[in-house]
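A.B. asks: Below are the structure tokens for one structure; questions will follow.
The values are calculated or read from the model by the stated rules, or taken from the named source; none is laboratory data. Every value quoted in this text rests on a predicted model; they were computed, and no experiment measured them. Every residue, glycine among them, receives a Cβ derived from its backbone with ideal geometry; neighbour counts consider all protein chains shown.
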Amino acid sequence: MNYFLKDIPERTVKPRQVGYTMAMDKGLSIREVEDFLSIAGDYVDIVKLGWGTSFVTPNLKEKIKVYKNAGVPIYFGGTLFETFVIRGQFEDYQKVLDKYGLEYAEVSDGSIELDHDIKCEYIRKLSNQVTVLSEVGSKDVEKIIPPYKWIKLMQEELDAGAWKVIGEAREGGNVGLFRSSGEVRSGLVEEILTKIPFEKIIWEAPQKAQQVWFIKLLGSNVNLGNIAPNEIIPLETIRIGLRGDTFDHFLDPVHKENSAHNPSY
């Protein structure tokens with residue numbers, strides 16, 4: 001940090017298992033990636049190349065190399081996995097992961113109907129090749145999954161070999177964990193947390209209000225995902241109480257009291 005402040009919550013440092021930030025790259029150029037990492041590299045833990053963008057991204061190998069050289073792993077969005085599976089090309093997908101030297105993969109079923117036992121089998125197969133992130137939740141705004149089923153699906157996917165499970169929200173933050181308005185389904189989240197360890201979950205939370213909600217609930221070191229590259233630094237300030245949304249959340253009560261009565265405190 002550039003200077004000393006009291007009452008700054010302790011943040012985990014890379015390589016971290018909690019306090020994880022997953023960024024969403026929806027088509028950055030190589031130069032934009034270099035600029036992004038120059039300012040946010042210390043705060044981003046992994047980058048998702050959103051949905052099927054890797055299929056149409058020019059200079060993909062060179063772009064991946066920039067991330068790798070900065071020590072930031074990347075993976076292809078779960079929709080790409082689904083795109084291969086629905087076409088009966090799972091083995092081709094595995095070859096693509098090898099071709100680009102990827103060490104992570106996402107298994108999801110947000111856009112296709114996939115028997116859960118089969119999904120878990122894909123997780124088992126891929127976990128022998130890469131580190132697997134599995135995503136739970138549908139991209140269909142009309143499909144509401146009850147809390148008990150979220151818990152069951154998450155636990156079974158962890159048991160199948162997933163390193164962490166991702167709570168679906170899409171890049172807009174308006175499905176899955178959230179209502180169409182972006183409001184958190186708070187009862188759902190709190191019920192999930194009664195059974196699934198918080199360090200095993202990455203909550204997709206692209207909107208600032210969603211990030212604030214999770215940080216206030218679970219602290220600075222909650223795992224958050226689908227963060228826009230230009231929102232990584234702002235998110236870090238929310239995590240440690242340096243933005244108005246969480247300004248008072250981490251302050252010592254004595255400091256709050258003194259500042260209220262003594263402007264020069």
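A.B. asks: Out of the residues in the range 222-235 that are surrounded by 19 or more Cβ atoms within 10 Å (Cβ to Cβ), over 10 Å from the mean Cα position of the chain (by Cα) and not hydrophobic (A, V, I, L, M, F, W, C), state the one that is farthest from V44 (Cα to Cα).
C.D. replies: E231
A.B. asks: How many residues are part of a helix (DSSP H, G or I) and at pLDDT below 95 if we restrict to the range 103-147?
C.D. replies: Number satisfying all stated conditions: 1.
A.B. asks: Of V184, V175, V189, which residue is without any contact (Cβ under 8 Å) to a residue 40 or more places away in the chain, crowded, with 17+ Cβ neighbours inside 10 Å, β-branched (V, I, T) and under 23 Å from R16 (Cβ atoms)?
C.D. replies: V189
A.B. asks: Next question. Select from the range 81-102 the residues that are within 17 Å of L49 (Cβ to Cβ), in a loop (DSSP other than H, G, I, E, B) and either basic (K, R) or out of contact with any Phe, Trp or Tyr (no Cβ under 8 Å at 6 or more places or on another chain) (or both) and list them in ascending order.
C.D. replies: Hits for the range 81-102 are Y100, G101.
A.B. asks: Still on this structure: Applying the selection to the range 30-48, what residues are in contact with a Ser or Thr (Cβ under 7 Å, 6 or more places away or on another chain) and among the hydrophobic types (A, V, I, L, M, F, W, C)?
C.D. replies: Passing the criteria: only V44.
A.B. asks: Which of the residues that make up the range 27-49 are in contact with a strand residue (DSSP E or B) (Cβ under 9 Å, 6 or more places away or on another chain) and closer than 23 Å to V212 by Cα?
C.D. replies: Once the filter is applied, which keeps residues that are in contact with a strand residue (DSSP E or B) (Cβ under 9 Å, 6 or more places away or on another chain) and closer than 23 Å to V212 by Cα, the range 27-49 yields F36, A40, Y43, V44, D45, I46, V47, K48.
A.B. asks: For the range 1-43: of the residues being more than 17 Å from I238 (Cα to Cα) and of a type in the set (V, I, T), which is surrounded by the fewest Cβ atoms within 10 Å (Cβ to Cβ)?
C.D. replies: Per the stated criteria, the residue is I30.
A.B. asks: Among the numbered criteria (1) under 21 Å from I166 (Cβ atoms); (2) surrounded by fewer than 21 Cβ atoms within 10 Å (Cβ to Cβ), which single criterion is violated by E82?
C.D. replies: All conditions are met except number (2).
A.B. asks: Would you point out the residue of the range 209-256, among those that are assigned to a loop (DSSP other than H, G, I, E, B) and aromatic (F, W, Y), that is nearest to I8 (Cα to Cα)?
C.D. replies: F250
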